[in-house]
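A short worksheet on the structure shown next.
The values are calculated or read from the model by the stated rules, or taken from the named source; none is laboratory data. Fair warning: this is a prediction, and the values are worked out from it, not measured in the lab. Please note: Cβ atoms are built from the backbone with ideal geometry, for glycine as well, and neighbour counts cover all protein chains shown.
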There are 2 protein chains.
Amino acid sequence: MQMLREYFKGFGEISSKDMDFLIDRCTEKTLEKGEKLIRPHEHIDSIYFIASGFLHYFSHNEFGERITLKVISPNNCWTIMDSFFHQVTTSDECLALTHVRYCELKRSDYEAVKSHNKDLANFIQTITEYILSSKVVEANKKSKMSVEERYLDLLQHHPDMIQQVPVHIIASYIGTSRETLHRIRRKLTAA
Amino acid sequence: MQMLREYFKGFGEISSKDMDFLIDRCTEKTLEKGEKLIRPHEHIDSIYFIASGFLHYFSHNEFGERITLKVISPNNCWTIMDSFFHQVTTSDECLALTHVRYCELKRSDYEAVKSHNKDLANFIQTITEYILSSKVVEANKKSKMSVEERYLDLLQHHPDMIQQVPVHIIASYIGTSRETLHRIRRKLTAA
DNA sequence: TTGTTAATGTGTCAAATGACACAGTTTTTG
DNA sequence: CAAAAACTGTGTCATTTGACACATTAACAA
């Protein structure tokens, strides 16, 4: 929970009373490796903050193969935005690739925080703007980089992900096949 | 301006007084084909609503070649989020591919709207959530589709873009070369 | 512990792609 | 109007990629 506090502090100043109100609405949970955070065709009713571990967020193509949409890392807020904001079901899934510690904020509590007072409403608005901006920056960065550059970027910024997440999932995350990623790795170790 | 009103209405109910306050803070402008909306190394200080025409939003790679980040279509709000929210300069550019009509909302007016009253603050929060959700949906859709599927998707949803925007820009938008896009088009007309 | 399943490493090969070169066409501009 | 610039269409070719096949190793469960 201390980690979540620090995460929130990064977005600006709020009174400790407001911070407590916010933190009190979050509950700590864990997942075992292989457990699902989001089951198929579920209603998403929470925002999640990942404290440790990695999650695999994926969808399916016409023939049931998994399409990686994201590998979710610690110290991030995440949910299936579309499903959460518009209260529709999703066919996507999300499962723990390792043991995961996370905090959950239910929709009703999210609404409660927004309407508690003006400062908290502004605070949530700031966080939303920040996340929006990050998503766009991330997408732009991705479209500028080659597959190899994306791998090097992961190595630099998320070395622990490379250690703990299977190669074929990393590969699909950076948009290639496991064989091509293997070629890249071989080339890099040779150099 | 009527178009912007309709666009806002799509996000929910607000009083006509609030709507007027919001609309009054927007100013109508135009760009000629080839004119720049965003110059390199500029501070972004506005949000834009595109009423008609197409814009090319691009960055540069190490050797100065243009990397398409987006082709901006009518009936959309757009800005360089990162630069707008965090008041940093951007090295990206944005120029008109056709004659463009748009509305501009300055940062100071955006802040004024947010702090005018609770309803408007909530309204802006709702729009921000909506745009965030759309960005993620769009990115996920993109990662699920092949280049050919992305082209077919454009044909279906933005036939006018295909007409009015040069092939090499469409190609880089959907993530391929102009030659490969040409092969796809040839194959489709043959069938 | 052992059998089973998942993950990784590697080679071959056909298919897809990007780079290049150039011709024809359209648009812009002086 | 004429020249220049931008855009489009097309062929060739070397490179990259994904798909497949299979061996080896690691992780897991009975």
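A few remarks follow.
- Residue within segment B:106-120 that is within 15 Å of the chain's Cα centre (by Cα), more than 11 Å from DNA strand C (Cβ to nearest atom) and not small (Gly, Ala, Ser) present: no
- Pairs where the first residue, in segment A:134-148, is over 22 Å from A:Ser177 (Cα atoms) and the second is at pLDDT 95 or above and surrounded by 15 or more Cβ atoms within 10 Å (Cβ to Cβ), C-beta under 6 Å, 6+ apart: A:Lys135/B:Lys135; A:Val136/B:Met81; A:Val137/B:Asp82
- Residues in segment B:108-123 that are without any contact (Cβ under 8 Å) to a residue 12 or more places away in the chain and within 14 Å of another protein chain (Cβ to nearest Cβ): B:Glu111, B:Lys114, B:Ser115, B:Lys118, B:Ala121, B:Asn122.
- Any hit, segment B:157-167, residues being away from DNA strand C (no atom under 12 Å from the Cβ) and either within 14 Å of chain A (Cβ to nearest Cβ) or over 19 Å from B:Leu97 (Cα atoms) (or both): no
- Answer from A:Val100, A:Val71, A:Val88 - the residue that is within 12 Å of another protein chain (Cβ to nearest Cβ) and aliphatic (A, V, I, L, M): A:Val88
- Only strands (runs of 3 or more DSSP E) whose full extent lies in segment B:63-175 are considered here, and the ones with at least 3 residues that are in contact with an Asp or Glu (Cβ under 8 Å, 6 or more places away or on another chain) and over 28 Å from A:Trp78 (Cα atoms) are B:100-106.
- Residue in segment B:50-63 that is surrounded by fewer than 17 Cβ atoms within 10 Å (Cβ to Cβ), away from chain A (no Cβ under 14 Å) and touching a residue at least 24 places away in the same chain (Cβ under 8 Å) present: yes
- Of the residues making up segment A:1-24, those that are in a loop (DSSP other than H, G, I, E, B) and either of a type in the set (Val, Ile, Thr) or within 22 Å of A:Ser115 (Cβ to Cβ) (or both) are A:Phe11, A:Gly12, A:Glu13, A:Ile14, A:Ser15.
- Selection of first residues in segment A:165-187 that are free of Cβ contacts under 8 Å to residues at least 12 places away in the same chain and of second residues that are assigned to a helix (DSSP H, G or I) and within 6 Å of DNA strand C (Cβ to nearest atom), restricted to Cβ pairs under 6 Å at least 6 apart or on distinct chains, gives the following pairs, ordered by first then second residue: A:Arg178/A:Val167; A:Arg178/A:His168.
- Restricting B:Glu28, B:Glu6, B:Glu35, B:Glu13 to those that are within 16 Å of DNA strand C (Cβ to nearest atom) and farther than 18 Å from B:Phe84 by Cα reduces the list to B:Glu35.
- The single condition from (1) farther than 26 Å from B:His41 by Cβ; (2) more than 11 Å from chain A (Cβ to nearest Cβ); (3) surrounded by 14 or more Cβ atoms within 10 Å (Cβ to Cβ) that B:Leu105 fails is (1).
- Cβ-Cβ under 6 Å pairs, at least 6 apart or on other chains, segment B:29-46 side touching a residue at least 40 places away in the same chain (Cβ under 8 Å), far side in a strand (DSSP E or B) and basic (Lys, Arg): B:Thr30/B:Arg101; B:Ser46/B:Lys106
- If only residues of segment B:74-97 that are buried (at least 18 other Cβ atoms within 10 Å of the Cβ) and of a type in the set (Gly, Ala, Ser) are counted, the one that is farthest from B:Gly175 (Cα to Cα) is B:Ser83.
- Those residues of segment A:25-42 which are closer than 17 Å to A:Phe54 by Cα and part of a strand (DSSP E or B), in sequence order: A:Glu28, A:Lys29, A:Thr30, A:Leu31, A:Lys36, A:Leu37, A:Ile38
- Candidates are the residues of segment A:168-189 that are of a type in the set (A, V, I, L, M, F, W, C) and either surrounded by 13 or more Cβ atoms within 10 Å (Cβ to Cβ) or more than 14 Å from DNA strand D (Cβ to nearest atom) (or both); the one that is farthest from the other protein chains (Cβ to nearest Cβ) is A:Ile184.
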